[in-house]
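The values are calculated or read from the model by the stated rules, or taken from the named source; none is laboratory data. These numbers were taken from a predicted model, which means no experiment stands behind them. To get the accessible areas, we keep the full protein, side chains included, count just its heavy atoms, and leave off ligands, DNA and RNA. Shrake-Rupley method; radii C 1.70, N 1.55, O 1.52, S 1.80 Å.
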Amino acid sequence: MTSMRGVGTWAAAAVALAAVVFSGMAIASVAAQEPGRLYITGVGSSIAAYDMVQVTVEIDTEERSTDADTASRVQSKQQSASQDFLAQLEQSAGVPPANVTTSGLSLNPITNWTDGQSVVVGYKASSTVIVDVSTEDPGLLPKIYELALSFQSFDEDVQVSVQNFNPYVSDELKDAMEQELFDSAMARATKRALMFAKGAGRSLGPVIRMSDSPLSEDSISDPPQPLYGNFDNNARAVFAA
C-alpha cells in the first residue's frame with residue numbers, strides 16, 4: 001500500500017539560543033560597551049518514513065424484532081462477533097492483543113416513523129476496534145480488510161467494516177531520532193548566533209541557559225544559570241559569556 005510506505009515529516013526540536021558576547025573581545029570602537037545578549041531560535045527537522053498504521057474497524061449487529069428480548073440478543077451477538085473478530089486478528093493476521101483496543105460500545109433502538117409517531121422496530125449494537133500495526137509487513141493491512149469482509153459474508157446481521165487507517169511515526173522512532181533532531185537544531189541556532197555576532201563586530205560567548213519555552217531578557221538572571229533543557233518539540237537554550 002503506497003500510503004503505508006509514504007514519507008511523513010516529523011519536525012521536532014526547536015532550539016532557541018540566547019547568547020552573550022564579550023565586549024572586551026570586540027573591535028576597538030565598541031570595546032567600552034557592556035556585554036550584550038543575543039536571542040536566537042534554531043529549528044531542527046527530520047524526515048521519517050511511517051513505521052506504524054492505526055486501523056479503525058467498526059463492528060455492528062442488528063435485529064429487527066419487537067419482542068422483549070431483542071435488545072439482549074443483539075447485544076450478546078455483538079459481543080460474540082467482537083470476540084471472534086479479535087481472535088481472528090491474532091490467529092489469522094498475527095496481531096497481538098496488546099495492539100488492539102476496543103471502545104465505543106453502544107446499543108440503540110431502530111425506529112420507523114409510522115402514523116405520525118416513532119415506533120421501535122429493532123435494535124442495533126456497535127463497537128469500535130482500534131488496531132495498531134507495523135508497516136514492516138506490507139500484506140498485513142490487506143489481511144485486515146479481508147477479515148472484515150469475511151465476517152460480513154458469514155452473517156447478514158453482522159457488519160464489520162474498516163472505517164479508516166492512519167499512518168504515523170511511532171514514539172519509539174521519535175525517541176531514536178531525538179538526538180539527531182536536537183543536534184541539527186543546535187547547529188543551526190549556533191550558526192545564526194555566530195553570524196549575528198560577527199555582523200555586530202563582536203565575538204560570541206558560550207551558552208548560559210537552555211529552555212523549551214520562549215526566552216527574554218527578564219528570564220535571564222545573573223550570574224549565569226546552569227545549563228539545562230527539555231528538548232522535546234520546542235527546545236530552547238541560552239548562551240552566557
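For this structure, a couple of remarks:
- Translational diffusion coefficient (Stokes-Einstein; Kirkwood radius from C-alpha pairs) of the stretch 51-140 at 4 °C, 1.567 mPa s, in µm²/s: 87 µm²/s
- Phi-based couplings in Hz for the stretch 169-186 (Karplus 6.51, -1.76, 1.60; Gly and Pro marked x): 9, 5, 4, 5, 5, 4, 4, 5, 9, 4, 5, 4, 5, 5, 4, 5, 5, 5
- Note that the stretch 53-200 presents 58 Å² accessible area per residue, ligands and nucleic acids not counted, probe 1.4 Å.
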